[in-house]
Amino acid sequence: MSDNALNTAEEKVSYGFGLQFGQQLLRNQFDQMDVELVCKGIKDIIEQKPISLSEADLNQAYSEVQQQIEAKKAEDAKKMKELGVSYLNENAKRDGVKVTDSGIQYEILEQGSGEKPTKDSTVKVHYHGTFIDGEVFDSSVERDEPATFGVTQVISGWTETLQLMNVGDKWRITLPPELAYGEAGAPPSIPPQSVLVFEIHLLDIV
């Protein structure tokens, strides 16, 4: 079968199984995976060939790799935190940036004159979220579709910020990890200990 020969239902389902296995494997966050050995393992099982590895050896290998993955996560989180602290310290010095008692850094880009939301409010906003390097991770602006949600249905930094804003305001806020997604992050899009930057335009209270 050529790479593009997906003509019969059987071929399509077979390819579909491969996609499902691949998606499951990607979720394991094992970036040193040998795809040829993955395929060999599948082939050996399906063809009922002798297994090339004992269960004890396999369990030991799983344990070693898991330790490596956890160590890398911890190191990545440490580096992310250090970068974030440095960024927050420098950002707080910029003209126009104010800092709340909780640590939210904000600057007013446009001044509105409407009401302030409360914890019980539902708001309509446009937002643009980036990491400190400018990479976009979420943006209603790019989707051209404002978001509507309850003030307490979002991360704590947003809940606090929204109650400080007036309808019509557009702010740029910088959130330390503890006011965003913290030590856990929000896999796969937001790593642990991420400082997040948002432009928030409060359009309405609905």
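The values are calculated or read from the model by the stated rules, or taken from the named source; none is laboratory data. What you see is a predicted model; the values in this text were computed from it and never measured. When we count neighbours, we look across all protein chains shown, and the Cβ atoms used for this are built from the backbone with ideal geometry, even at glycine. For the accessible areas, the whole protein counts, side chains as well, though only heavy atoms, and no ligand, DNA or RNA atoms are used. Shrake-Rupley method; radii C 1.70, N 1.55, O 1.52, S 1.80 Å.
Which of the lysines could a cross-linker bridge to residue 119, judged by Cα under 21 Å and excluding same-chain residues fewer than eight apart?
170
For region 47-99, take N as its residue count and report Rg(C-alpha) divided by 2.2 N^0.38 Å.
My calculation over the Cα atoms of region 47-99 gives 2.26.
Give me the percent of Cα-Cα pairs in the chain that sit more than 23 Å apart, rounded to a whole number.
60 percent
Per residue and in cubic angstrom, what volume does the convex hull of the Cα atoms of region 1-92 have?
Spelled out: Cα convex hull of region 1-92, divided by residues, is 149 Å³.
Let me have the relative contact order for the chain, percent, based on Cα pairs under 8 Å that are six or more residues apart.
Averaging sequence separation for qualifying contacts and normalising by length gives 20 percent for the chain.
Using a 10 Å cut-off on Cβ atoms, rank the peptides 85-95, 156-166, 101-111, 55-65 from the highest mean neighbour count down.
156-166, 101-111, 85-95, 55-65
Taking just the alpha carbons, could you work out the radius of gyration and Dmax for region 80-133, both in angstroms?
Answer for region 80-133, Rg first and Dmax second: 14.2, 38 Å.
Run down the lysines and flag those whose C-alpha is under 27 Å from the C-alpha of residue 40, throwing out any fewer than 8 positions away in its chain.
Counting by Cα, and skipping residues close in sequence, residue 40 has these lysines nearby: 12, 49.
Which whole-number value in Å² is the accessible area per residue of region 24-115, probe 1.4 Å?
Normalised by residue count, the accessible surface of region 24-115 is 82 Å².
Total Lys pairs in region 57-111 closer than 24 Å by alpha-carbon, pairs eight or more apart in sequence or interchain only?
Total qualifying Lys-Lys pairs in region 57-111 comes to 6.
Give me the extension gain from residue 12 to residue 32: residue separation times 0.36 nm, minus the current Cα-Cα distance, reported in nm with one decimal.
4.4 nm
Restricting things to Cα coordinates, could you compute the convex hull volume per residue of region 98-161 in Å³?
Per-residue hull volume (Cα only) is 120 Å³.
Under the Kirkwood approximation for Rh and a Cα-based Rg, what ratio Rg/Rh is obtained for region 91-202?
Looking at region 91-202, the ratio lands at 0.94.
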